[in-house]
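All remarks here apply to the structure that follows.
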Amino acid sequence: MSELDNNKTQRITDVLKNTISNYINNDDYEILLVIQTKKDKDITEKIYSLFKQNENIKLIEEYDPLVLKEIYSHCDLLIGMRLHSIILALSAGTPAIGYFEESWGYKNPGMMKKFDLPFQFIKNDFNDFSNEVKMIFENELDIKDRISNIISEEKKKFLKSIKVFDQ
């Protein structure tokens with residue numbers, strides 16, 4: 001994965017800042033910023049510094065995937081840029097929104113398309129994820145059922161494929 005230039009880093013910061021601003025003062029929401037890779041530490045801390053005075057936002061730094069999966073299992077939604085964060089969230093039944101650099105390849109958008117979940121590329125011109133968040137919260141139970149069904153079907157396919165090697 002390539003490092004992001006200053007323009008893209010600023011774009012990410014602006015979009016996430018705008019998204020957080022839409023929810024930060026609503027006591028129905030708690031926002032958790034997670035540093036799960038050292039590469040993201042600076043930008044995540046920068047975003048957190050803009051809001052840290054608000055008790056509805058928290059920052060954690062965690063690298064253990066089992067702990068991260070448990071954390072994500074208690075979230076209603078993940079906005080992620082890393083494939084592993086999205087995989088961990090989905091495996092815990094938590095819907096995700098993806099935000100990716102196009103040069104990172106097809107795995108990230110492919111995962112989102114597989115689960116019929118929204119994503120954006122950094123180069124796209126939009127201000128925040130309000131529409132995507134609203135859509136997920138309005139359809140949360142259906143989306144969680146879809147995630148569970150897709151995982152079950154993929155698991156069946158996988159188990160069937162490895163049985164071929166057992167014979």
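The values are calculated or read from the model by the stated rules, or taken from the named source; none is laboratory data. All values reported here derive from a predicted model rather than from experimental measurement. Heads up, the Cβs are rebuilt from the backbone with ideal geometry, glycines too, and the neighbour counts pull from every protein chain shown.
A search for C-beta distances below 6 Å between a residue of segment 102-125 that is among the aromatic types (Phe, Trp, Tyr) and any residue that is surrounded by fewer than 16 Cβ atoms within 10 Å (Cβ to Cβ), counting only pairs 6+ apart in sequence or on different chains, returns Trp104/Met1; Phe115/Ile150; Phe121/Glu102. Hey, can you tell me all the residues within segment 19-38 that are over 16 Å from the mean Cα position of the chain (by Cα), modelled with pLDDT of 90 or more and not small (Gly, Ala, Ser)? Answer for segment 19-38, where residues must be over 16 Å from the mean Cα position of the chain (by Cα), modelled with pLDDT of 90 or more and not small (Gly, Ala, Ser): Asn22, Tyr23, Lys38. In segment 70-86, of all residues being assigned to a helix (DSSP H, G or I) and not charged (D, E, K, R), the one that is farthest from Lys41 (Cα to Cα) corresponds to Ser73. Taken over segment 1-37, the criterion of being among the β-branched types (Val, Ile, Thr), under 15 Å from Met81 (Cβ atoms) and in a loop (DSSP other than H, G, I, E, B) is satisfied by Thr37 alone. Of the residues making up segment 40-77, those that are more than 23 Å from Gly93 (Cβ to Cβ) and free of Cβ contacts under 8 Å to residues at least 24 places away in the same chain number 9.
The set of residues in segment 109-166 that are under 17 Å from Arg11 (Cβ atoms) and of a type in the set (D, E, K, R) comprises Lys123, Asp125, Asp128, Glu132.
For Phe137, the test of being surrounded by fewer than 18 Cβ atoms within 10 Å (Cβ to Cβ), of a type in the set (Phe, Trp, Tyr), touching a residue at least 60 places away in the same chain (Cβ under 8 Å) and part of a helix (DSSP H, G or I) is passed. Just one of the numbered conditions (1) under 25 Å from Lys134 (Cβ atoms); (2) surrounded by 16 or more Cβ atoms within 10 Å (Cβ to Cβ) is not true of Asn25: (2). The residues in segment 38-55 that are crowded, with 16+ Cβ neighbours inside 10 Å and either among the basic types (Lys, Arg) or farther than 16 Å from Met81 by Cβ (or both) can be counted, and the count is 1. If you go through segment 112-134 and keep only what is touching a helix residue (DSSP H, G or I) at 6+ places or on another chain (Cβ under 6 Å), closer than 18 Å to Asp40 by Cβ and not in a loop (DSSP other than H, G, I, E, B), you end up with Phe119, Phe121.
Across segment 93-143, the number of residues qualifying as touching an Asp or Glu at 6+ places or on another chain (Cβ under 6 Å) and of a type in the set (Asp, Glu) comes to 0. Residues of segment 87-105 that are assigned to a helix (DSSP H, G or I), of a type outside the set (Phe, Trp, Tyr) and under 23 Å from Gln10 (Cβ atoms): Glu102, Ser103. Evaluated against (1) part of a helix (DSSP H, G or I); (2) in contact with a helix residue (DSSP H, G or I) (Cβ under 8 Å, 6 or more places away or on another chain); (3) under 30 Å from Leu4 (Cβ atoms), Ile151 falls short on exactly one condition, (3).
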